[in-house]
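Inspection log for the structure reproduced underneath, given as structure tokens.
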Amino acid sequence: MLEMTLNGLEIQVEPGTTLLEAANFYGIEIPTLCYDAGLSPIGACRLCLVEIGSPDRSRLVSACTFPAQKGLEIRTHSKRVINARKLLIEMYLATCPSSKTIQDLASKHHVTRVRFKQKHDDCILCGLCVRICEEQMQAKAIEFIGRGHELRISTFFDKKSEDCRHCGACMYICPVCQARCQGPQEKDAVCNACLNLEPPCLEEFEDAMCYMDPCVACEQGHEPRKGCSQRKEGS
Amino acid sequence: MPSLQSRINTAADLFRLQETLQQRASSNNRYIAVCGDTGCSAWGSKSVKDVFRDCLEQKGLAGQVGMKFTGCLGLCESGPVVIICPEQIFYQKVQEEDVEEIIDKTVTRGEIIPRLLYQDVLSGETYTYMNEIPFYQKQKRLLMGNNLKIDPNSIEDYLALGGYSATARALTEMTPLEIIDEVKFSKLRGRGGAGFSAGDKWKECYDAVSDRKYIICNADEGDPGAFMDRSLLEGNPHSVLEGLIIGGFAVGAREGMIYVRAEYPTAVVKIKHALHQAEELGLLGENIFGSGFDFQVSISIGAGAFVSGETSALIASIEGRAGEPRQKPPRLAQRGLWGRPTVVNNVESLANIPVILREGEEYRRTGTDKSRGTKIFSLVGKVVNTGLVEVPLGITIREIIEDIGGGIKGGRSFKAVQTGGPSGGCLPEHLLDTPTDFEELNAVGSMMGSGGMIVMDDETCMVDVARYFLRFLQDESCGKCFSCREGINRLLEIIDDIVHGLGTPGHIDLLRELSVVVKDSTLCGLGQTSANPVLSTLQYFEEEYRAHIKDKKCPAGVCKALIHFSIDLEKCTGCGVCKKKCPEEAISGEKKEIHEIDPERCSKCGICLDTCTFDAVLKC
Ligand SMILES: Cc1cc2nc3c(=O)[nH]c(=O)nc-3n(C[C@H](O)[C@H](O)[C@H](O)COP(=O)(O)O)c2cc1C
Ligand code: SF4
Ligand code: SF4
Ligand code: FES
Ligand code: FES
């Protein structure tokens, strides 16, 4: 067993555990976009950043790929981590505002503005589709093509794939095309309509009425933004 | 005399051969060195060499006067460089027509030809001998100095200078740990960029337990403008090879590899030739010097990307995967090439090794307390003398630019110097006295990197400079990390707005904020340093950013969207020359009357400014 410190707490994990698995095991949530427990981690989205090392010599690493090490000091919610996370989410919003997953992340992490130019990309290159296709469906029909800012996902040589069985796994796992957020308009990347840092149902009930995370019972008590599909006529 | 074909079986064999070759070299020490490296080749040094050879032949001098087609001699700007040895008379910009005169006058009669001598632009003084030239005086050419005496294709030349003694000493007189200790003691730090202690790195790999280990020489050299690694490999390949063999022995690797960038075909040819020669002599292969140590070296051609110079990406590329960096740990000493413990060393780092083992004392006297030895910088940009300069570490940047580089070209004034390659930083005038030292450069927001040094004058716009480097990095990022790929895109997007006059006051803070996050949140060294050009220009030239944003002006007159051309009513004589020259037909006006520029049509090419003889065109 390896001893580490997680947010000041002494913890023990098996060798081979990643920092993300360790944190999750101890009930600490770290946002992710390119991680899936059933697939090999690649550390592409950088959202799972955590700070490691003593405060004077610390650095940020992606928790999903970083292996547990004896004596490691980990902070998952330091100011530095939160700042980086929020700015990343802001960039994600500016890139793919129609992703419900990203809008939910924005709501949950209180990202309420976007200072970058609006794009409407339909892929964040998280590579989940590539990995599920290869590792779970054994098809390897799609791949990362190109490099740098020209990186994209496609079939080999952009030809119709012989290996694709139309299983739909790629669509299922994609955080961008899976659920569309209808909220944001051309000029306005943030929907925040689902901004409910605390469940509104608690105003009427003793217990929350559902365990959706984030809570999607959003109409009550909140004024959805202009243009959001959730907005009631006339309000 | 032992024939070169016979194998060297012991250290004593080597010393005997060295001695014979030394005697042969000193009994016939008159030769002409023509620089054959890329800089001079571009100026036509290859045909100059051929003419020399033919001419010597014709005059029946070929037996008495030797010829060497050498590696870079440093002053690439003045190519083709020709040096008459042993006196080391330095001729620059030598053309084919000059050859016969040089042979007749200088080689045969010792007469100097003043027209071919190097002349200092500022003082106007001319210099006859190589060592007198200010460019060489502050240098300490531990690694490059021998280029003058070596034909890269000749292992004999290298052996005559005591070559392979360091290997003999290491393999027959020292244990791996003793070598590692000596390298540690020399305080050699990696020249590839990170400045990690070479001895510590070797020790880590030495400690790793495995039946197979690898040592790789990193010759990917992707920094635009840097060419010291190529130059070492092409000019003195055996020195790098020696470093690799000694390193292999020290860490316990029996296989070495040289990863060369695909754009360096000449280097590949030279290395192959050197490997072949070393194999024939038994300096590579089985049981080297009878020590029981076997060592093979192979060559791997790079994928041609900047990021594949990063060690884990380099290994991925050798293994045939996409050249993308991976998470470390596990470190390479634990899991490197094909999963085995591996050391990756830069070319220049390896070339230091034989010097350390042979001239340890002298080596340790060079440099600063924390960084010993010399560093080769590739000095380019707006300086008088551009080329490769090798200086003791710790010398100030001012000394390099002013004393060695000869100051700013064309009588303009200094504005900034960029050190450390594309992701280094730009330093202003008041930091010119910063010593060339890993820590000191980091402290002022730049870095040593691989030794690129780009000098900029007052006609350079620093916002535009940041934009240039970001564009390079945007193309070169592997694209895996969102924060590197999209972060650089967004930095560039903001800077593009600024140079187009669309900057807003919030942009400066946003650039800073984003830069810090990109630095913090990326996986490899490329991403982690990619914001440096922005951060350092913001740190030292924020005013210039503000001028672009607030006043919509580019003080250096570079950013086209922010400059305007107009005609001075007082000065215009109506000669009409500008009207004729303007490619956009943007200038109108009758003869002898005041002309006018139509801002809508003007493409801001500046031709009118250059053509007007009355200084009537205004740029602001
Ligand atoms: C993006 C990137 C590009 C690099 N390119 C090179 C290169 O072209 N040549 C090189 O020697 N090191 C390069 N490095 C540094 C290597 O990762 C590594 O530190 C070096 O080869 C180690 O050798 P050294 O300790 O002898 O310097 C690069 C690093 C990064 C992050
Ligand atoms: S298509 Fe979807 S799953 Fe695939 S890389 Fe893009 S965002 Fe990720
Ligand atoms: S930081 Fe950039 S270059 Fe490095 S691994 Fe990430 S995306 Fe690739
Ligand atoms: S979840 Fe770790 S980088 Fe994407
Ligand atoms: S290339 Fe000839 S001096 Fe550098």
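Residues are listed down the side, and each one gets a yes or a no for (1) within 13 Å of another protein chain (Cβ to nearest Cβ); (2) touching a residue at least 24 places away in the same chain (Cβ under 8 Å):
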position	(1), (2)
A:L20	yes, yes
A:C34	yes, yes
A:G38	no, yes
A:V50	yes, yes
A:S58	yes, no
A:N83	yes, no
A:C96	yes, yes
A:H110	no, yes
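For region B:313-339, a residue qualifies if it is in contact (Cβ under 8 Å) with a residue 60 or more places away in the chain, under 23 Å from A:A68 (Cα atoms) and small (G, A, S), and the qualifying residues are B:A313, B:A333, B:G336. The conditions of being touching a Lys or Arg at 6+ places or on another chain (Cβ under 6 Å), within 14 Å of chain A (Cβ to nearest Cβ) and of a type outside the set (A, V, I, L, M, F, W, C) are not met by B:E310.
Taking region B:447-538 and the helices (runs of 4 or more DSSP H) fully enclosed by it, the elements with 3 or more residues that are more than 16 Å from ligand 3 (Cβ to nearest atom), more than 12 Å from chain A (Cβ to nearest Cβ) and open to solvent by 30 Å² or more (accessible area, probe 1.4 Å) are at B:462-476. One residue stands out in region B:409-426 among those that are over 19 Å from the mean Cα position of the chain (by Cα) and assigned to a strand (DSSP E or B): the one that is surrounded by the fewest Cβ atoms within 10 Å (Cβ to Cβ), namely B:F414. For A:E10, the criteria (1) assigned to a strand (DSSP E or B); (2) within 14 Å of chain B (Cβ to nearest Cβ); (3) open to solvent by 10 Å² or more (accessible area, probe 1.4 Å) hold in every case but one, which is (2). The condition (being more than 15 Å from ligand 5 (Cβ to nearest atom) and away from every other protein chain (no Cβ under 14 Å)) is satisfied by just one residue among B:E77, B:E87: B:E87. Which one of A:E204, A:E162 is open to solvent by 80 Å² or more (accessible area, probe 1.4 Å), more than 20 Å from A:L105 (Cβ to Cβ) and at pLDDT 90 or above? Exactly one of A:E204, A:E162 is open to solvent by 80 Å² or more (accessible area, probe 1.4 Å), more than 20 Å from A:L105 (Cβ to Cβ) and at pLDDT 90 or above, namely A:E162. Taking region B:259-298 as the search range and keeping residues that are among the polar types (S, T, N, Q), open to solvent by 50 Å² or more (accessible area, probe 1.4 Å) and closer than 21 Å to B:T172 by Cβ, which one is farthest from the chain's Cα centre (by Cα)? Here the answer is B:N287. Considering only residues in region B:594-620 that are of a type in the set (D, E) and over 15 Å from B:H564 (Cβ atoms), the one that is least open to solvent (accessible area, probe 1.4 Å) turns out to be B:D615.
Of the numbered criteria (1) over 41 Å from the mean Cα position of the chain (by Cα); (2) surrounded by 17 or more Cβ atoms within 10 Å (Cβ to Cβ), the one B:C559 fails is (1). B:F293 meets the conditions (1) within 13 Å of ligand 3 (Cβ to nearest atom); (2) assigned to a loop (DSSP other than H, G, I, E, B) in every case but one. The failed one is (1).
Name every residue in region A:33-72 that is small (G, A, S) and either within 16 Å of ligand 1 (Cβ to nearest atom) or outside any loop (DSSP other than H, G, I, E, B) (or both), in order of residue number. Answer for region A:33-72, where residues must be small (G, A, S) and either within 16 Å of ligand 1 (Cβ to nearest atom) or outside any loop (DSSP other than H, G, I, E, B) (or both): A:G43, A:S62. Within 14 Å of chain A (Cβ to nearest Cβ), modelled with pLDDT of 95 or more, within 16 Å of ligand 3 (Cβ to nearest atom) and more than 16 Å from the chain's Cα centre (by Cα): is that true of B:A322 in this structure? Taking the combined requirement at face value, the residue does not satisfy it. Criterion applied to B:R546, B:R490, B:R467, B:R471 was being away from ligand 4 (no atom under 16 Å from the Cβ) and more than 30 Å from A:F144 (Cβ to Cβ), and the one residue passing it is B:R546. Report whether or not B:E570 is among the acidic types (D, E) and not assigned by TED's automatic domain parsing to the domain that holds B:K480. Here the answer is yes, as B:E570 does meet what is asked. What residue, among those in region B:343-372 that are outside any helix (DSSP H, G or I) and in contact with a Cys (Cβ under 7 Å, 6 or more places away or on another chain), is nearest to B:Y158 (Cα to Cα)? Within region B:343-372, the match that is nearest to B:Y158 (Cα to Cα) is B:N345. Scanning region A:145-181 for residues that are within 16 Å of ligand 3 (Cβ to nearest atom) and touching a helix residue (DSSP H, G or I) at 6+ places or on another chain (Cβ under 6 Å) yields a total of 2. Filter region A:112-124 down to the residues that are more than 14 Å from chain B (Cβ to nearest Cβ) and open to solvent by less than 40 Å² (accessible area, probe 1.4 Å) and list them by number. Scanning region A:112-124 gives no hits. Taken together, the residues in region A:141-164 that are more than 24 Å from the chain's Cα centre (by Cα) and either outside any helix (DSSP H, G or I) or away from every other protein chain (no Cβ under 14 Å) (or both) amount to 10.
Is one or more of the residues making up region B:218-234 within 17 Å of B:T167 (Cβ to Cβ) and in contact with a Pro (Cβ under 9 Å, 6 or more places away or on another chain)? Looking for residues that are within 17 Å of B:T167 (Cβ to Cβ) and in contact with a Pro (Cβ under 9 Å, 6 or more places away or on another chain), one finds none in region B:218-234, hence no.
Tally up the residues in region B:105-131 that are touching a residue at least 12 places away in the same chain (Cβ under 8 Å) and in a helix (DSSP H, G or I), please. Total satisfying the criteria: 7.
For the condition touching an Asp or Glu at 6+ places or on another chain (Cβ under 6 Å), within 14 Å of chain B (Cβ to nearest Cβ) and modelled with pLDDT of 90 or more, A:G127 does not qualify. Exactly one condition in (1) aliphatic (A, V, I, L, M); (2) away from ligand 1 (no atom under 16 Å from the Cβ); (3) closer than 23 Å to B:L526 by Cβ is false for B:A170; which is it? The single condition B:A170 does not satisfy is (3).
Determine if region B:375-395 includes at least one residue that is out of contact with any strand residue (DSSP E or B) (no Cβ under 8 Å at 6 or more places or on another chain) and free of Cβ contacts under 8 Å to residues at least 60 places away in the same chain. No, that holds for no residue. Here region A:98-136 is the region considered, the condition is being within 16 Å of A:L39 (Cβ to Cβ) and assigned to a loop (DSSP other than H, G, I, E, B), and the residue that is nearest to ligand 5 (Cβ to nearest atom) is A:L125.
The values are calculated or read from the model by the stated rules, or taken from the named source; none is laboratory data. All of these numbers come straight from a predicted model, not from anything done at the bench. Neighbour counts run over all protein chains shown; Cβ positions are idealised from the backbone, glycine included. Note: accessible area is taken over every heavy atom of the protein model, side chains too, but ligands, DNA and RNA are not part of it. Shrake-Rupley method; radii C 1.70, N 1.55, O 1.52, S 1.80 Å.
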